[in-house]
Amino acid sequence: MTSKKTQTESNGPEQIISEARRNRELREKAYREQALRMYQHICARCGREFEGRKLRELTVHHKDHNHDNNPPDGSNWELLCLYCHENEHQKYIDEQSRGAAAPGADRGSPATYKPFAALDALLKNKKE
């Protein structure tokens, strides 16, 4: 008695993982190509310019850290060099571990204290 294996049974975990990686690489290549056409080849953090073979060191960073959020206008992307991209993700990991707000979340109102507000008046009194 022989039983036919279904396609999912014949696919081992290694094949499923490799197929998922291949699909992810194709998706990444598509939005990377778009981003490189849309933006200048300059790191948005450090300002380094990239051309030729060095262009591979320029990466697409998702501002909201959601790699599935790829709007056609590129509003969720910025080009970062390898070093700045790693730094950006490390900051995100550090914020998550401290329980800080996620990027883009409302962080409350800005500070309203103005330490030098009365300085002008003090300087006028000193001159007189």
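Check whether at least one residue in the range 56-68 is part of a helix (DSSP H, G or I) and either at negative phi or at pLDDT 85 or above (or both), and report yes or no. Within the range 56-68, one or more residues are part of a helix (DSSP H, G or I) and either at negative phi or at pLDDT 85 or above (or both).
Of all the numbered requirements in (1) modelled with pLDDT under 85; (2) on the phi > 0 side of the Ramachandran plot, Gly47 misses one, and that requirement is (1).
Quick one: how many residues across the range 41-55 are closer than 21 Å to Ala30 by Cβ and either of a type outside the set (A, V, I, L, M) or outside any helix (DSSP H, G or I) (or both)? Break it down into steps so the answer makes sense when it comes.
Taking the range 41-55 and keeping what is closer than 21 Å to Ala30 by Cβ, we get 41, 44, 50, 55.
Among the residues that remain, those that are also either of a type outside the set (A, V, I, L, M) or outside any helix (DSSP H, G or I) (or both) are: 41, 44, 50.
Count: 3.
Scanning the range 69-114 for residues that are exposed (fewer than 14 other Cβ atoms within 10 Å of the Cβ), of a type in the set (A, V, I, L, M, F, W, C) and modelled with pLDDT of 85 or more yields Leu82, Ile93. Condition check: surrounded by 12 or more Cβ atoms within 10 Å (Cβ to Cβ) and touching a Gly at 6+ places or on another chain (Cβ under 8 Å). Does Lys63 satisfy that? The answer is yes for Lys63.
The values are calculated or read from the model by the stated rules, or taken from the named source; none is laboratory data. Quick caveat, the model's predicted, so the values are computed rather than measured. Counting neighbours? That spans all protein chains shown, and the Cβs are built from the backbone with ideal geometry, glycine included.
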